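One structure is given here, and the rest of the page talks about it.
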Amino acid sequence: MFFYYMKSLLITGGAGFIGSHVVRRMVNNYPEYKIYNLDKLTYAGNLENLKDIEAKPNYEFIKGDIQDFDFVNKIFQDKNLDGVIHLAAESHVDRSITNPLEFVMTNVVGTVNLLNAAKNHWGIDLSDKRFYHVSTDEVYGALGEVGLFTEDTKYDPHSPYSASKASSDHFVRAYYDTYGLPVVISNCSNNYGSHHFPEKLIPLCIHNIKNNKPLPIYGDGKYTRDWLFVEDHARAIDDVFHKGKLGETYNIGGFNEWQNIDLVKLLCDVMDEKLGQEVGTSQKLITFVKDRPGHDLRYAIDASKIESELGWRPSVNFEQGLEKTVAWYLANDEWLNNVTSGNYQDYYSKQYQSS
Ligand code: NAD
Ligand code: TYD
């Protein structure tokens, strides 16, 4: 029997950290949608993240590079897409400082390729089409000790990563204003949870505590981030995709600000407890290292718009989320060992060589 899917949805970057949570959610919750996961499988993309859903009939993986317009255009031609949730990106600030051009190529050129392909194929009948661009709060720059980013905060990116994401956001809005492409954007704060590549603060510290290695804290550790559990972000993405108003931006955040040093101390205590060690053991690994250039002091999101308009709020508090995250990493040694071999070892020794 031939099954007609109600919608054909392209998710880019679905083998990465957030993307894999979004793909899993959409494949499981919407069996009536066909979900195509397009990913280049860079160092950050890992199909092991999707083992549990890869055999589902409404899921298909497509390996490819959004920098390649002909390839992207052909996907639109072949798959008759109704929607796009675009997450593929180079995502690590420290890597953007050493290799900014790759960030321009994927985050800016790749996004414009997708926009062009959507514009070409969707034509003038846009009634049930939607291009959803997933972005970051880092486009707004840095806050001082008070205040929150709202959807109206002026863009002021400082790193090559945030500059490339800001640029891609501007292109998405330009396609709405110029061509009437049905777009929606969200800007989210720092995520944490399972399947997070261990170059980012939380999984890096979990990995290093397990291996009794120093926990590198940039500068004085007083930098502040607003942390959101990744499954809550995936739920927000689902809500924005289905209910968000076209042409609008939604800020997504955790209502959960932490200075890096306090966060790492809490994480050390959770790890000590889980590893059956005396509390205080892991904190001894904390090591202050040379600061990141252009380091933004503080990010914090005002998520009242998505809360009032779409009824979304985080469902997991930080203690619960951190607990779940640590438990996942401790139960998934093989995943961690696989992603920390090869390329990662080279990156790590270069990144932390002068510390
Ligand atoms: P990630 O680095 O874990 O995953 C990115 C994915 O994109 C990987 O699977 C990678 O293989 C794929 N990719 C990279 N270049 C590609 C290309 N040229 N063509 C096709 N695929 C390519 O990133 P993440 O942390 O999951 O972030 C996903 C998105 O969410 C990004 O757009 C990021 O800017 C945004 N975001 C991330 C956070 C966060 O805290 N991680 C917060 C807010 C927004
Ligand atoms: P990160 O996880 O790289 O996310 P982002 O830069 O997108 O916010 O970093 C989170 C914070 O932790 C940021 O202030 C930089 C800091 N940090 C360290 O202090 N040491 C580290 O080794 C890393 C990777 C980050």
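The values are calculated or read from the model by the stated rules, or taken from the named source; none is laboratory data. Fair warning: this is a prediction, and the values are worked out from it, not measured in the lab. So basically every Cβ, Gly included, is an ideal-geometry build from the backbone, and we count neighbours across all protein chains shown. Calculation scope for accessible area: heavy atoms of the full protein, side chains included, ligands and nucleic acids excluded. Shrake-Rupley method; radii C 1.70, N 1.55, O 1.52, S 1.80 Å.
In the chain, if the dipole is taken from +1 on Lys/Arg beta carbons and -1 on Asp/Glu beta carbons about the Cα centre, which of V146, F69, G13 is farthest to the positive end? Sorting the options by dipole projection puts first F69.
Determine the shape class of the stretch 284-350: with a ≥ b ≥ c the square roots of the Cα gyration tensor eigenvalues, call it rounded for a/c under 1.5, and otherwise prolate if a/b is greater than b/c, oblate otherwise.
oblate
Surface exposure of the stretch 218-355, expressed per residue as accessible area with a 1.4 Å probe, stands at 46 Å². Given a 1.4 Å probe and the protein chains as shown, I217 ends up with an accessible area of around 0 Å². Label positions at T150 and D291, each projected 7 Å from the Cα along the C-beta direction, are separated by 3.0 nm.
Per-atom-type breakdown for the stretch 1-159 gives carbon and sulfur 54% of the accessible area (1.4 Å probe, protein chains only). Ordering W227, V23, G193 by the projection of their Cα atoms onto the charge dipole of the chain, which places +1 on the Cβ of Lys and Arg and -1 on the Cβ of Asp and Glu, puts V23 at the extreme positive end. Measure up K40/K165; K213/K265; K200/K265; K51/K129; K119/K243 against 26 Å on the Cα-Cα distance and list the ones that go over. Beyond 26 Å: K51/K129. Over the chain, dividing the summed -39,500 (n - 2.57) contributions of all DSSP H runs of at least 4 residues by the number of residues returns a 222 nm mean residue ellipticity of -12000 deg cm²/dmol. When you filter the GluC sites (Glu not before Pro) in the stretch 140-233 for DSSP loop state and at most 12 other Cβ atoms inside 10 Å of their Cβ, you are left with E145. Taking label points 7 Å from Cα along the Cα-to-Cβ direction, L47 and K213 give a separation of 2.7 nm.
What shape does the stretch 250-323 have by the C-alpha gyration tensor, where a ≥ b ≥ c are the square roots of the eigenvalues, rounded means a/c under 1.5, and otherwise prolate means a/b greater than b/c and oblate the rest? Verdict is oblate for the stretch 250-323. 3J(HN,Hα) couplings calculated from phi for the stretch 125-130 with the Karplus curve 6.51 cos²θ - 1.76 cosθ + 1.60 (θ = phi - 60°) are, in sequence order, 8, 9, 4, 10, 9, 7 Hz; Gly and Pro show x. Shape analysis of the stretch 68-109 based on the Cα gyration tensor places the equivalent ellipsoid semi-axes at 27, 12, 5 Å, largest first.
The stretch 145-215 and the stretch 32-85 have Cα centres spaced 21 Å apart.
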